Amino acid sequence: MSRSYLVQRLGSFAATIVIAATLNFLIPRLAPQDPIAALLNRMDSKRGLVDGAEQLVAQYRETLGLNDPLPVQYLKYLENLFLHGDFGYSIAYFPNHAGDLILRAIPWTVGLLAVATLIAFVGGNLLGAIAAWPRTSNVMRRLIYASMPLSVVPYYFLALILLQVFAINLKVLPLGGVFTVGTSRGFDVQSILDLVSHLVLPVLSIALALTGFWALSMRGSMATVLGQPHLTYARAKGLRDRRVFVRYGMRNAMLPQWTALALEVGSIITGGLIAEIVFSYPGVGMVLFTALRTADYFVIQGVVMFVILGVATATLAIDLLYPLLDPRIRLQ
Amino acid sequence: MMTGDMPKAAAPAGSGWRDRFANTPTLLPGIAMLALVLGISIAGVVVNLSDRIAVMAGPVNAPPSLNFPLGTQREGRDVLALLLLGTPNTLRIGLIAGGLGVSVGTLLGLTAGYLGGRADWVIRSLVDAGLTIPPLAVLILIAATFRVVTVEAMGLVVALTAWMYPARVIRSQAMTLRERTFVQVAKLSGAGVGHIVGREILPNLIPFLAAGFVGAVSSAMLMSVGLEILGLGSQRDITLGSILYTAILNAAVFRGLWWWWLSPIVMMVVIFLALFLLSVALDAYANPQRRGS
């Protein structure tokens, strides 16, 4: 990987973050009724209920510089965000910080999406590669068509249907949340089993939808690779099928899949957030849902920032790891 | 993409429409499903359903029956009537946002691709930067700031992010077309920019525009339903997403009221699948080299 590529890639990462922050700053100020001013008024109205609310609001007006000209407000906003990591207060959970609410939810969201994506990426690529292999049975190949409807609809559709079947009709899995109400939460076998049983449906609804997506594109990619001369040569050399399949076929066919993963991260994260709502899963999506219903503006801004930051970081990581997977890029 | 199981040798160059259908097996099922959805939408627009969606039009939370084939919801509204009214509205959002997105994207893409130079640099940077940000994240912020009241406003909001991808596709096509002989000939014979772009380049882009339009409509509807489920939808009009939102908000799933949320989902699966099949077919038509892969 050349240094100029690295610099350029880090530069575009930084640009994305600054654009995100700028949108977060600009959009509320374009509105005929500034939602932040409205929010501060609502905070002000809590002065009797929460100790020190008055000082907090006054101090907040000062830090946001609401009486300053726009460019000064903008710089102050960036300073608050990047130097102090401060997104502002939550109005619904005043005097909690919006950032703290989101931070508490992030491990849940990242865990759910990471597990689901991993299962789908491994499973989908394997399925797609097998479907493209000439000696695969027709039944197996047709299976991929069955997964097609799943890959074109949002995750929460499947989430609703899985809930109905497994939690309502069959009653084998819990309805939502992550713990059974009234049980102790510890590191004992029972609590962990309880947690896992709550995670099965959220993970499954995202993983199943994504598996079809990866399988479809892997099948195309694998078919192209299998048609290339070096595969014919590998077979002519008498290499065993498994070796040709994995080392010659899949290894090459996987390359565009990594690029596709980088492009897909955005829709995985945003789709996952909505799926969380269906399951009342305590992740960032649920924080957003609550914040939207209570017009908790700083929390909404914080979630948007989290999504953009998360997508940018994941994409950066894949782009930087990519040269390790494709030696041709390293040489350039 | 969907054709065959292994790459086949390219079919012998045929010119008849039969050969074209042979290469795009997903076209007819896609059109058939779309016709079904359009029929339902027209029924929803034509038939007067105001009695059926009135509060307490029927019993509350009733499962499907003869009188209410898809059951009723919490306020006793007829779910079938809601579905008939919501389908055309959701399609309208997709058409407004997709149409605007493709028009604006084509304009910018042609400008960037054909003129090149500084215009290209500005447009390309804008699109490249914009595409790194997940559209739904920005739309959430916008919809939470400016409350959306009507279906048309929803279409406009979603259109804000719908132009970037078409702009990128059209730009790259315009760049290759610019170098083609027939464009050079037109230029040498003294044709103006308007003539070259409008009469020489644009007609060659029609397959890409069609594929881009279908893709843009589909993703615009996906975005709008996503926003509606979060409670950011139109506050006045019924859409498929708003039926789902009220169902989720009232814990319809947990209470086992499956008829309330299942029908909008089935309808959307049909719509998304139809558009997907159509876009696969159009894609195969626009990029012949991709056929069968």
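The values are calculated or read from the model by the stated rules, or taken from the named source; none is laboratory data. Everything numeric here is computed off the predicted structure, so don't read it as measured data. Cβ atoms come from the backbone with ideal geometry, glycine included; neighbour counts cover every protein chain shown. When the accessible area is computed, the model is the full protein with side chains, heavy atoms only, and any ligands, DNA or RNA have been set aside. Shrake-Rupley method; radii C 1.70, N 1.55, O 1.52, S 1.80 Å.
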Task: Size descriptor, Kirkwood hydrodynamic radius, that averages inverse alpha-carbon separations across the protein assembly as shown, Å - done: 26.8
Task: Net charge dipole size for the range B:58-202 [Lys, Arg +1 and Asp, Glu -1 on Cβ; Debye, nearest 20] - done: 320
- [ ] May I have the pair-distance distribution P(r) for chain A, computed from all Cα-Cα distances with 10 Å bins from 0 and rounded to whole percent?
- [x] 5, 20, 24, 23, 17, 7, 3, 1, 0
- [ ] Compare B:Y165, B:Y114 by solvent-accessible area with a 1.4 Å probe and give them largest first, with all protein chains kept in place.
- [x] B:Y165, B:Y114
TODO: Set the Förster distance to 45 Å, then compute FRET efficiency between B:L28 and A:F179 from the Cβ-Cβ distance, nearest 0.05.
DONE: 0.35
Task: Per-residue mean of C-beta atoms belonging to partner chains within 10 Å, peptide B:265-273 - done: 4
Open item on the list: If I ignore ligands, DNA and RNA and count only protein heavy atoms, how much of A:H84 is accessible to a 1.4 Å probe, in Å² to the nearest 10?
Closed with: 120
TODO: Grab the DSSP H runs of the protein assembly as shown that are 4 residues or longer, score each as -39,500 (n - 2.57), total them, divide by all residues and round the 222 nm result to the nearest 500 deg cm²/dmol.
DONE: -22500 deg cm²/dmol
Open item on the list: Under the rule that an exposed site lies in a DSSP loop and has at most 13 other Cβ atoms within 10 Å, name the longest stretch of chain A with no trypsin sites (Lys or Arg not before Pro) of that kind, not counting the sites themselves.
Closed with: A:1-134
TODO: Arrange the residues A:S221, A:S4 by how much accessible surface each exposes, largest first, with a 1.4 angstrom probe.
DONE: A:S4, A:S221
TODO: Round to the nearest 10 and give me the degree value, 0 to 90, for the angle of helix B:164-178's Cα axis relative to the longest principal axis of chain B.
DONE: 20
Open item on the list: On a 1.4 Å probe surface of the protein chains, which of A:L30, A:L126, B:L278 comes out largest in accessible area, and what is the full order?
Closed with: A:L30, A:L126, B:L278
Task: Charge sum, other residues only, whose C-beta stays under 15 Å from A:P71's C-beta, Lys/Arg counted +1 and Asp/Glu -1 - done: 0
Task: Fraction of accessible area attributable to carbon and sulfur, chain B (%, probe 1.4 Å) - done: 66
Task: At R0 = 25 Å, FRET efficiency that the Cβ-Cβ distance of B:F254 and A:T294 yields, to 0.05 - done: 0.70
TODO: Could you give the DSSP H helices of chain A that reach 18 angstrom or more along their long axis (alpha carbon positions) and whose average Kyte-Doolittle hydropathy is no lower than 0.5?
DONE: A:3-30, A:98-132, A:138-152, A:189-226, A:255-278, A:297-325
- [ ] Might you tell me the accessible area per residue for the range B:87-230, computed with a 1.4 Å probe and given in Å²?
- [x] 41
Task: Residues in the range B:225-239 that, when all protein chains are in place, have 40 Å² or more less accessible area than the chain alone would give (probe 1.4 Å) - done: B:I229, B:L230
- [ ] Might you work out the accessible area of B:I142 for me, using a 1.4 Å probe with all protein chains in place, and round it to the nearest 10 Å²?
- [x] 20
Open item on the list: Under 8 Å for C-alpha pairs, at least 6 residues apart: give me the relative contact order for the range B:99-221, rounded to a whole percent.
Closed with: 41
TODO: In nm, give the distance between the simple-model label positions of A:A15 and B:H195, each being 7 Å from the Cα along the Cα-to-Cβ direction.
DONE: 3.8
Task: Per-residue mean of C-beta atoms belonging to partner chains within 10 Å, peptide B:141-150 - done: 6
TODO: Any chance you could look up the accessible area of B:S218 with a 1.4 Å probe, heavy atoms only, rounded to 10 Å²?
DONE: 30
- [ ] With +1 on each Lys and Arg Cβ and -1 on each Asp and Glu Cβ, and nothing else charged, work out how big the dipole of the range A:189-332 is about its Cα centre, in Debye to the nearest 20.
- [x] 1040
Open item on the list: If I compute solvent accessible area with a 1.4 Å probe over the protein chains, what percent of it on chain A is carbon and sulfur?
Closed with: 66
Open item on the list: Give the A-B buried accessible area in Å², both sides summed, 1.4 Å probe, nearest 100.
Closed with: 4100
Open item on the list: Under 5 Å between amide hydrogens, which residues at least 5 positions from A:H97 or on another chain qualify, with H placed 1.01 Å from N in the peptide plane?
Closed with: A:S90
Task: Average accessible surface area per residue within the range A:214-332, 1.4 Å rolling probe, Å² - done: 42
